[in-house]
Amino acid sequence: MSREDLAVSHDTSKEHVPADEVNVGTKEDANNMTGSVRTKKQVVTARIQLAALCWCLFLAGWNDGTLGPLLPRIQEAYHIGYTIVSLLFVFVCTGFVFGALINVPLTDKYGFGKVFIDNGVQGREIQYFATGSVCQLVAYTLQAPELPFPVFVMAATLNGVGLALQDAQANGFVASIKDNAETKMGILHAVYGLGALAAPLISTQFAQIRRWSFHFLVSIGIAVSNTILLVAVFRFRRQDECLAQTGQPPEEQNMGDKSTFRQILTHKTVHLLA
């Protein structure tokens, strides 16, 4: 047999590969591309990340369920009425709105999880999550010693900023997960409800004693553990990097010519929910 005949027969053997073998290889490649086949380490990492976000939302629920039982003691301690004490809710809302607004341009410019402090060279990178948790930590520290009411209100504003940053980043992260995102979002908000349920049970006990403001020492403990957990789990990484650790490949982002705010406002869902 000549060399030409051998070459032809070799090429022909390549062309007659069974179709099921080709499909198997294609499916395996596709699974690897979509991240549906993950290692045990990636699965464990995904669960740890979700647990950290759940603890973050537990703190948010804890915060929202704290004030109610303490209101009569706050009024008594500061000698104020319903109108003045309601400023706490007004300024928490103000801080939350401000935090939500600054979250969009900061995320757009620096990406998930990082705040870049420019000092002429590459500065420190501080995680949004950690920044939000630290804001809450500072707020609780100001509220615990029963400082004058204006300081108490200022701390509530800072608390609102911290809540907004953490809430936006946590929900955005879970919404980006391709593996059972709906179920994980439900778990996330169920844990928020658990925090909102637990807080009044504790704050009611503190409302009955002289040192009512020491309830915020418990809040400080939760905020400290939240900060440590978020830094330890996400380690100042961007969202794509964190998701890549779980086996989910990064998505292509086509921002177009419109700003992020404009893109958000063009969605009908935003107007419907608003």
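The values are calculated or read from the model by the stated rules, or taken from the named source; none is laboratory data. Only a predicted model underlies this, so the values are computations on that prediction, with no experimental measurement involved. Note that each Cβ is placed from the backbone with ideal geometry, even for glycine, and that neighbours are counted across all protein chains shown. Note: accessible area is taken over every heavy atom of the protein model, side chains too, but ligands, DNA and RNA are not part of it. Shrake-Rupley method; radii C 1.70, N 1.55, O 1.52, S 1.80 Å.
Brief remarks follow.
- Yes/no for Arg38 being assigned to a loop (DSSP other than H, G, I, E, B), open to solvent by 20 Å² or more (accessible area, probe 1.4 Å) and not β-branched (Val, Ile, Thr): yes
- On inspection, Thr227 passes the criterion of being touching a residue at least 40 places away in the same chain (Cβ under 8 Å) and within 30 Å of Ile74 (Cα to Cα).
- Enumeration of residues in segment 171-193 that are closer than 19 Å to Gly61 by Cβ, open to solvent by less than 60 Å² (accessible area, probe 1.4 Å) and either without any contact (Cβ under 8 Å) to a residue 40 or more places away in the chain or not charged (D, E, K, R) (or both): Asn171, Gly172, Phe173, Val174, Met185, Gly186, Leu188, Val191, Gly193
- Flag set for Ala168, criterion: part of a helix (DSSP H, G or I), modelled with pLDDT under 95 and in contact with a helix residue (DSSP H, G or I) (Cβ under 9 Å, 6 or more places away or on another chain).
- Any hit, segment 66-80, residues being of a type in the set (Gly, Ala, Ser) and not in a helix (DSSP H, G or I): no
- Which listed residue is at pLDDT 80 or above, of a type outside the set (Gly, Ala, Ser) and assigned to a loop (DSSP other than H, G, I, E, B), from Ile187, Ile177: Ile177
- Index of the failed condition, Ser133 passing every other in (1) more than 13 Å from the chain's Cα centre (by Cα); (2) surrounded by 18 or more Cβ atoms within 10 Å (Cβ to Cβ); (3) within 23 Å of Val104 (Cα to Cα): (1)
- Those residues of segment 218-235 which are surrounded by fewer than 17 Cβ atoms within 10 Å (Cβ to Cβ) and more than 14 Å from Trp55 (Cα to Cα), in sequence order: Arg235
Let's see how each residue does on (1) of a type in the set (Ser, Thr, Tyr); (2) under 25 Å from Ile187 (Cα atoms); (3) touching a residue at least 60 places away in the same chain (Cβ under 8 Å); (4) open to solvent by 40 Å² or more (accessible area, probe 1.4 Å):
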{"site": "Gln42", "(1), (2), (3), (4)": "no, yes, yes, yes"}
{"site": "Thr45", "(1), (2), (3), (4)": "yes, yes, yes, no"}
{"site": "Phe58", "(1), (2), (3), (4)": "no, yes, yes, no"}
{"site": "Thr66", "(1), (2), (3), (4)": "yes, yes, yes, no"}
{"site": "Leu71", "(1), (2), (3), (4)": "no, no, no, no"}
{"site": "Gln75", "(1), (2), (3), (4)": "no, no, no, no"}
{"site": "Val85", "(1), (2), (3), (4)": "no, no, no, no"}
{"site": "Leu88", "(1), (2), (3), (4)": "no, no, yes, no"}
